[in-house]
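Working notes for the structure below.
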Amino acid sequence: MSKRTEQLKAFERLLDIMDELREKCPWDQKQTFQSLKHLTIEEVYELNDAISENNTNEIKKELGDLLLHIVFYAKIGSEDQSFDIADVCHSISEKLISRHPHIYGNVEANDEQAVKENWEKLKLKEGNKSVLSGVPKSLPAVVKAFRIQDKVKGVGFDWDNKEDVWNKVEEELAEFKFEVEANNKENQEQEFGDVLFALINYARFCDINPEEALNKTNNKFIRRFTKMEDFIKEDQKVLGSMTLNELDFYWNKVKSFERK
């Protein structure tokens with residue numbers, strides 16, 4: 001049996017199991033697009049965690065969970081004859097072919113940037129009203145800002161160099177500081193958002209994924225704070241009754257411990 005034949009049989013097995021579950025399992029029978037939606041989002045985040053940890057065994061499992069959801073949605077769609085899994089596969093195949101004219105046509109694209117620029121231009125030709133129409137409204141704010149900036153870059157709306165981007169960061173910081181000193185709460189929020197947007201833009205120019213960077217910092221803080229709690233318990237002290245100077249001592253102790 002060839003590898004491709006084995007893969008197709010494995011996919012067919014999953015489709016058969018989905019058919020049977022939808023027919024016989026009370027829980028599976030009750031599910032709808034809406035009821036599965038939040039579970040799908042959870043699965044994507046779990047996949048993200050596994051990828052961040054570079055845990056290939058967990059990546060495999062989480063991909064399976066996500067694939068199940070895709071098959072599940074397609075099964076529900078087939079029941080009212082809206083679409084089925086074949087339609088899903090054909091749809092993405094046709095999109096990939098049309099969006100890669102440098103592979104399936106006579107367009108030249110010799111680097112990644114040229115491919116991305118072609119991609120955005122083709123989306124507009126296909127009827128998208130805006131380059132930004134494909135950015136999901138419900139994306140987390142940091143991810144959303146990054147995607148917005150990356151998409152407009154695809155049609156040439158971008159800074160020339162990261163020095164100019166950093167100047168923009170400093171400009172936004174100054175404007176935020178001005179509003180803080182003026183105690184203008186409404187403008188503070190707006191200017192703070194501008195600072196974050198500019199910093200995310202600068203991260204993009206440094207080839208840093210801001211969401212991943214912030215996640216790593218969050219995890220580092222959690223790890224250090226948890227270890228600080230352990231040190232405090234070992235010394236039989238109570239976290240909530242300690243002074244800031246005492247807490248700083250234990251925080252620095254944790255950092256020294258990590259360096260060792």
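The values are calculated or read from the model by the stated rules, or taken from the named source; none is laboratory data. It should be emphasised that the depicted structure is a prediction, and the values quoted were computed from it without experimental measurement. Positions of Cβ are generated from backbone atoms using ideal geometry, with glycine treated the same way; all protein chains shown enter the neighbour counts. Side chains included, ligands, DNA and RNA excluded: accessible areas come from the protein's heavy atoms. Shrake-Rupley method; radii C 1.70, N 1.55, O 1.52, S 1.80 Å.
Here are some notes:
- Cα→Cβ-extended label distance, 7 Å offset, between residue 114 and residue 150, nm: 2.2 nm
- Using a probe of 1.4 angstrom and keeping all protein chains present, the accessible surface of the chain works out to 71 square angstrom per residue.
- Over all pairs of different C-alpha atoms, the stretch 66-115 has a mean inverse distance whose reciprocal, the Kirkwood radius, equals 12.7 Å.
- Max-minus-min Cα coordinates of the chain on each principal axis give 65, 51, 38 Å, with the largest extent listed first.
- Spatial separation of Cα centroids for the stretch 201-215 and the stretch 69-93, in angstrom: 35 Å
- The lysines within cross-link reach of residue 177, meaning a Cα-to-Cα straight distance under 24 Å and a gap of 8 or more places when in the same chain, are 162, 168, 185.
- Rg to Rh quotient for the stretch 109-205, alpha carbon positions, Kirkwood Rh: 1.06
- Mean projected area (nm²) of the alpha-carbon convex hull when the stretch 61-160 is viewed from all directions: 9.0 nm²
- Partner aspartates and glutamates for residue 121 [C-alpha distance under 15 Å; skip if fewer than 8 residues away on the same chain]: 108, 112, 150
- 222 nm mean residue ellipticity, helices alone, for the chain (DSSP H n ≥ 4; -39,500 (n - 2.57); rounded to 500): -25500 deg cm²/dmol
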